[in-house]
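K.L.:
Let me begin by handing over the structure; questions about it come next.
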Amino acid sequence: ISSIRGVDASQSLKSLLQKRLVKISGRKKAPGRPLLYRTTDRFLNYFGLDDIKDLPSQDEIMKILDEEKPDDES
């Protein structure tokens, strides 16, 4: 989330956790052992998805965001 939004995602994650749209799925084997999150069935139902694979990839999301930027921000 942080890499896409470019800002700290802790409040966004807190909100998603409270709404039970994501859950903690473990810790990454990396310095600091950051938490890993995964979507829930509630997330899929909320967004009308059958499977997590129905979501666009990060590259597809970045392309969409780039296309939506005004010309002077590109």
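The values are calculated or read from the model by the stated rules, or taken from the named source; none is laboratory data. Small disclaimer: the values here were computed from a predicted structure and weren't measured. Using ideal geometry, Cβ is built from the backbone for each residue, glycine included, and neighbour counts are taken over all protein chains shown.
K.L.:
Can you tell me which residue is surrounded by the most Cβ atoms within 10 Å (Cβ to Cβ) among those in region 14-35 that are on the phi > 0 side of the Ramachandran plot and of a type outside the set (K, R)?
P.N.:
Step one: list which residues in region 14-35 are on the phi > 0 side of the Ramachandran plot, which gives 20, 26, 32-33.
Still in the list and also of a type outside the set (K, R): 26, 32.
Working: G26: 10, G32: 7.
Among those residues, the one meeting the criterion is G26.
K.L.:
Read through the list (1) in contact with a Leu (Cβ under 6 Å, 6 or more places away or on another chain); (2) modelled with pLDDT of 95 or more, then give the number of the only condition that L17 fails.
P.N.:
That leaves (1) as the condition not met.
K.L.:
Based on what the data block shows, is I64 surrounded by fewer than 11 Cβ atoms within 10 Å (Cβ to Cβ) and among the aliphatic types (A, V, I, L, M)? Quick ask: steps written out before the conclusion?
P.N.:
Details: surrounded by fewer than 11 Cβ atoms within 10 Å (Cβ to Cβ): yes; among the aliphatic types (A, V, I, L, M): yes.
So I64 fits the description; yes.
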